[in-house]
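Here's the structure, in structure tokens; my notes come after.
Read the figures in this text as sums done on the coordinates, not as results from a lab. Predicted, not measured: the structure shown is a model, and the values here were computed from it. Ideal geometry is used to build each Cβ from the backbone, glycine not excepted, and the neighbour counts take in all protein chains shown.
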Amino acid sequence: MRRTGSARGALLAVLALLATAPAWANDDLDFYQTVDRQEVGSDDTFRLTVVVVDAPPNAQVQLPESEDFEVLSSSRSSQRSISLSGGGPAVIQDITRYVLVMRANRAGRLKIPPSQITVRGKTYRTQPVEISVRTGRLGSSAGQPGGSRLPDPFASMPSQPPDPFADELEEDEPTIPRGDSDLFLRSSLDRDDVFVGEQVTLSLYIYSRVDLSSVDSVTMPKLEGFWTEEVESPTQLSGEQRIVDGVPYRAYLLRRRALFPVKPGTLSITPAEADITTGFLFAGHRVHRVSNGLKVKVKPLPPGAPPGMSNAHVGSWRMSMEVSQTRVELGQPVTVKVILEGVGNVKNVTPPKLTGPAALKIYDPTTTDKVTPQRNRVQGRRVVEYLVMPQRTGTFTLPALEFPFFDPRARAYDVARTDPVTITVEAGAGGVSALPSSPSQMADAANEQKNVLTAGGLRPVRYQARFEAPSEPPWKRGFFLPVVLAPLGLLLGVALIGGVRGKLATRSEADRGRQQAKAARRRLAEAEKLQGGSNVGAFYAEVEKALHGFLEARLGMPVGGLTRDVLTERMTAAGADAERRSRVLFVLEACDLGRYGGGGNPAERQKVMDAAAAAMEGWA
Amino acid sequence: MSGYYTPEEAQDVFLKANEAYAREDYAAAQAGYEKLLSHGHGGPDVLYNLGTTHLARGDLGRAVLALEQAKKQGGRAPDLEANLAVARARQVDKVVGATAEEEFLPRVAAATDGNVVAWTFLGTWVAAFALVLLWRALRPGRRTAVGIITALLFAVAVPSGLLLATHAWVEETVHEAVVLSPTLVARELPQPGARSIFEVHAGLKVRLLEETGRFVRIRLPNGLEGWAERDGVAEI
């Protein structure tokens, strides 16, 4: 194997590398300083740029220092550029830039001292720079990069939709105060030339280049001549990056308020104050900062105001009227809401007063506001609610309302209007006779409305009534106690009747026995009449019936079909002695015999008769 | 109801009184409401309006009296409570000190509606006894359902009867009144020359304990008692 071109190639590579070495290797140093503006205001900042080209790494740069200037910030950036031209070796440059944001401490023709650089023991100096300083603020130069805002990456994008509030938002361009440039308080207005009643938004920011721990107290400026509304009051510090005169800051919003001037002229806003704690834990310390003061030029409203116009009626407004019902019964209330909504000082506008015919009693209204600031503009809705109580039937009209106002955007007066509302009042169904039947149903609808207060703070009288005479409680009425006692008496009566009936039943059974026995004796007496007659059978039949009747009365049961033995047992059970039993049996035997032809002897009949009488006698 | 006015006439008098009130002719409004009351066409609504009119006129004692009477007859209502609150706020007297605990039975009576209690008791009582009779008339196998219903009715009737007895007792024994006189002196004894204990003013609600001659013994909500002239208070 043969090695191919290794020695020559390596040599060429080393030469090429040497050819690309930095230019400072031969002490060809490029060192200068420039300013971005030749003429500035004493409140303006400018940028001093110190450029070192191809400085060795150990070079020491000393930036200019002067009592005439204040250095607000400094930064350093490095850049390496490689240029190839004409097939020659590449040229590499290391460029280091020091950018100082400075501000003059006095006016006049001032000189910025030269910067110095020391390279390997040799010192190089730039030329000093002269700058003309005037008192005050001349503004940013066109060529000043950064300005007060970070570069907008979307600035070059075409055709962005127009922002309806773009003309109303004016970004603040704060001035870095002397001495407190690391942390300062800034009050700003979104505009300083407005009409009376037009909103001005006051914002209070902390600009800081140090870490903030907390804001301990904030004293807002005195706002004499303004009606104020809170727009934003953050509870936590939340910063955003902002470039102020080329110096990066974090801006923390403390308060934002809407101010509505109430009188024309130049109104002053005193400085705000705040106590701020910086750093963390034990390293922190507390500082007191005072913001800048402000002035607002307030123009009076232009002439030609429509009648009824008030200085507070500034903004853009719409008005409407809502009625709960347009057809009501007499005595029922109607709620009428006059609604004013739009952009402006919601809490200070006064919608026109609702009026109406005498037949419609209009109570003092209640007012509710709903303020909903959007994009720092106060806007919302004011509702004035009236309670209208018809006093008689008929058709009545609430007239149209007009609300004149000044529109500062159009710089012209305008009038918001409502339509008239017709209310028909009818008699209650059935008139008086149809009034509700109970007090609970009679709840006056007017009383259920909230905040229905007369001037004296009283609820209104009731417009419907259920008339009733003073009544005694039910238990005092005549019928009550009898009705309560009646069931007890009834129950007692039933019980008594039951007892009596039981007793009566027992008693009648005994009586019936006696009655039967009596009837039996009478029948026996009848039989005695037949004793002497020719009809022997009838005699014995009558005696037998009399005895049967007597036995049934005494035994309490029919004895017609009983055998003699059973009859004897029953008589024994009923307490009849043996002699009485034998007499009964004798009489019954004799009667059986006599009915079928025997016993025709009168003595025999008498004997039977006597025996029957003896059987009945003494058996109670 | 009295037949002095027809319902239409009563309504007309009422509306005229309301109109008088609306135009702040309180004397005419008061006369209208009182005319209705005197002829038996009262009720809580008329009493409420009368009380509100008295309140508008500044007659605190009669305002509280009429409003309390309206409350007693018609129960609570938002407007009534609101105007009573206004009246109380205007009272001169602020009763301080330990408030005497109101007795149990008056509190029970105040918390329940006497009419409802009375009708509930009467209905369940009569129905329960009717079912007892029915129970007796039914054969033993068919008595279960009737027996259960009867027991339930008695379970309602007995407590409501006790509640009714409470109402009757409170009605008879507890008498509340309102001070009408602008200033009413409460004395140690029911005699004009007796030592004065305290003074009360119009609109204050008191309890009447006993009456002797032209003096009544009143008790304040905090338990303070004294003899005051009968004419200075009106029972609710």
The alpha-carbon pair-distance distribution computed for the range B:94-236, with 5 angstrom bins and whole-percent values, is 2, 9, 15, 14, 11, 10, 8, 7, 6, 5, 5, 4, 3, 2, 1, 0
For A:Lys545, counting only lysines whose alpha-carbon sits under 23 Å away and dropping same-chain residues fewer than eight positions off, the answer is A:Lys518, A:Lys529, A:Lys607
Too long for a 26 Å Cα-Cα cut-off, among A:Lys111/A:Lys295; A:Lys337/A:Lys370; A:Lys263/A:Lys353; A:Lys476/B:Lys16; B:Lys16/B:Lys71; A:Lys222/A:Lys347, are A:Lys111/A:Lys295; A:Lys476/B:Lys16
Taking every residue of A:482-494, the Cβ atoms of other protein chains inside 10 Å of its Cβ average out to 3
Here the averaged projected area of the range A:169-299, based on the convex hull of its alpha-carbon atoms and given in nm², is 7.8 nm²
The extension gain from A:Leu491 to A:Asp193, computed as 0.36 nm times the residue separation minus the Cα-Cα distance, is 97.4 nm
Cα pairs beyond 55 Å in the protein assembly as shown, in percent, come to 58 percent
Any GluC sites (Glu not before Pro) in the range A:166-262 that lie in a DSSP loop and have at most 10 other Cβ atoms within 10 Å would be A:Glu171
Binned at 10 Å starting from 0, the alpha-carbon pair-distance distribution of the range B:175-235 in whole percents comes out as 28, 64, 8
Any GluC sites (Glu not before Pro) in the range B:154-236 that lie in a DSSP loop and have at most 13 other Cβ atoms within 10 Å would be B:Glu188
Long-range amide H partners of B:Ala186, meaning residues 5 or more apart or on another chain whose placed amide H is closer than 5 Å, are B:Ile197, B:Phe198, B:Glu199, B:Val200
